[in-house]
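As structure tokens, the structure follows; a few thoughts come after it.
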Amino acid sequence: QVQLVESGGGLVQAGGSLRLSCVVFGSFYSINAMGWYRQAPGKQRELVAGVSNGGVTNYADSVKGRFTISRDNAENRVYLQMNSLKSEDTAVYYCNADLDTDSGPGYQYWGQGTQVTVSS
């Protein structure tokens, strides 16, 4: 079984920074792409940032220049550095990992979500 555990969420003032972390536990053969999604109140879940196993990153337009995604393959971990936070960034942030496991190749796994609240 596979589990994704997120940490780093919390309350921060506008203009501040947070660093989210997600580690993958369990039985898997390899980690492919990893990413962060978020869901704000009354909104649908959206992709915030992603990083491929080759290190190629992509970002939502709303966070470009402010957020940075990175991964530590040795620790099976992905980070999201969030700078210049705005009230509109308030959401539950979810870690996602595309894994090769006994369930098959390219299977999607999700973390439980971590709350990020930006006060203005």
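The values are calculated or read from the model by the stated rules, or taken from the named source; none is laboratory data. Predicted model, so just to flag it, every value in this text is computed and none were measured. Cβ sites come from the backbone with ideal geometry, for glycine too, and all protein chains shown count toward neighbours. In case anyone asks, the SASA skips ligands and DNA or RNA and just uses the protein heavy atoms, side chains included. Shrake-Rupley method; radii C 1.70, N 1.55, O 1.52, S 1.80 Å.
Miscellaneous remarks
Residue by residue, here is whether (1) within 29 Å of Ser119 (Cβ to Cβ); (2) at pLDDT below 95; (3) of a type outside the set (Asp, Glu) holds:
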| site | (1), (2), (3) |
| --- | --- |
| Gln1 | no, yes, yes |
| Leu11 | yes, no, yes |
| Asn58 | yes, no, yes |
| Asp89 | yes, no, no |
| Pro105 | no, yes, yes |
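- Just one residue in the set Leu4, Leu20 is among the aliphatic types (A, V, I, L, M), touching a Leu at 6+ places or on another chain (Cβ under 9 Å), surrounded by 17 or more Cβ atoms within 10 Å (Cβ to Cβ) and touching a residue at least 60 places away in the same chain (Cβ under 8 Å); that residue is Leu20.
- Met82 falls short on exactly one of the conditions (1) under 20 Å from Gln3 (Cβ atoms); (2) open to solvent by less than 20 Å² (accessible area, probe 1.4 Å), and that condition is (1).
- For the residues Asp61, Asp72, Asp100, the requirement of being free of Cβ contacts under 8 Å to residues at least 40 places away in the same chain, charged (D, E, K, R) and under 25 Å from Gln1 (Cβ atoms) singles out Asp72.
- Looking across segment 87-120 at every residue that is of a type in the set (D, E, K, R) and surrounded by 14 or more Cβ atoms within 10 Å (Cβ to Cβ), the one that is farthest from the chain's Cα centre (by Cα) is identified as Asp100.
- Only residues that are more than 11 Å from the chain's Cα centre (by Cα) and open to solvent by less than 30 Å² (accessible area, probe 1.4 Å) were counted in segment 23-37, giving 2.
- Qualifying residue in segment 38-48 (condition: closer than 14 Å to Leu20 by Cβ and either modelled with pLDDT under 95 or more than 12 Å from the chain's Cα centre (by Cα) (or both)): no
- Of the numbered criteria (1) exposed (fewer than 15 other Cβ atoms within 10 Å of the Cβ); (2) in contact with a Ser or Thr (Cβ under 7 Å, 6 or more places away or on another chain), the one Lys43 fails is (2).
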